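Computed from the coordinates by the stated procedures, all read-outs in this text should not be read as laboratory data. Note that the structure is a prediction, hence the values are computed from the model and not measured.
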Amino acid sequence: MYRSLFPGLAVFLFLLEASAAAADPLVGISNVFLIIMENHDWSQIQGSPNCPYINTVLLPRASYCNQYYNPPGLHPSEPNYIWLEAGTNFGILNDQPTNRIDSPNHLVTYLQRQGLSWRTYAEDIEPGYCPVTNRLNYRVRHTPQILFNDVSANEAYCADHVVPYPQLWSDLTSNTVARYNFLVPNKTNDMHDPACSTCSG
């Protein structure tokens, strides 16, 4: 995983401001987009010609985090993603897609309880089902929300909240995007390879 980014991930956090007067010191945040990338220090991403879209389009418009660190001893992907979602790994130390957690104490459930919408957009999943198995270049370990039984045990709820990437465009154009959005690239597009070699964005 990452040597210098929590939790072994490059985290790009996009905050879209709600309409407010420019002089208002407390501008509300209407939407959050969290994009998770893999296995690169910030020094390998910032300014890299191999990551032009990130550097020229996303970073000038986003809030981003460049000082995150792995929780101690958590080096496979899945425990780090679980930590990101829940603030703990619940003792999980592997990347098994069959791991499940019975606790409702995690971010998207907290948001739901407060009436705040959430949605996960994952590349290489099919619409209308809860993606609890690996498919094509999609990996369950990169979608922490479905590792929690309160999400994955309800097929309809899960399928409505964990959707294929193309749904993002539809939600953006219809102004129905959730308040909190978690974007999951597949293994080809998540910068997992060395030095952003397959990073076209």
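So what J values fall out for segment 98-110 if you push phi through Karplus, 6.51 cos²θ - 1.76 cosθ + 1.60 with θ = phi - 60°, rounded to Hz, Gly and Pro as x?
These are the phi-based 3J(HN,Hα) values: 8, 4, 9, 10, 7, 6, x, 8, 8, 3, 5, 6, 4 Hz.
Over what distance in Å are the Cα centres of segment 71-94 and segment 139-192 separated?
So the two Cα centres are separated by 19 Å.
Can you run phi through the Karplus equation (6.51, -1.76, 1.60; θ = phi - 60°) for segment 185-190 and list ³J(HN,Hα) in whole Hz, with x for Gly and Pro?
For segment 185-190, the Karplus-derived couplings read x, 7, 5, 6, 10, 9 Hz, x marking Gly and Pro.
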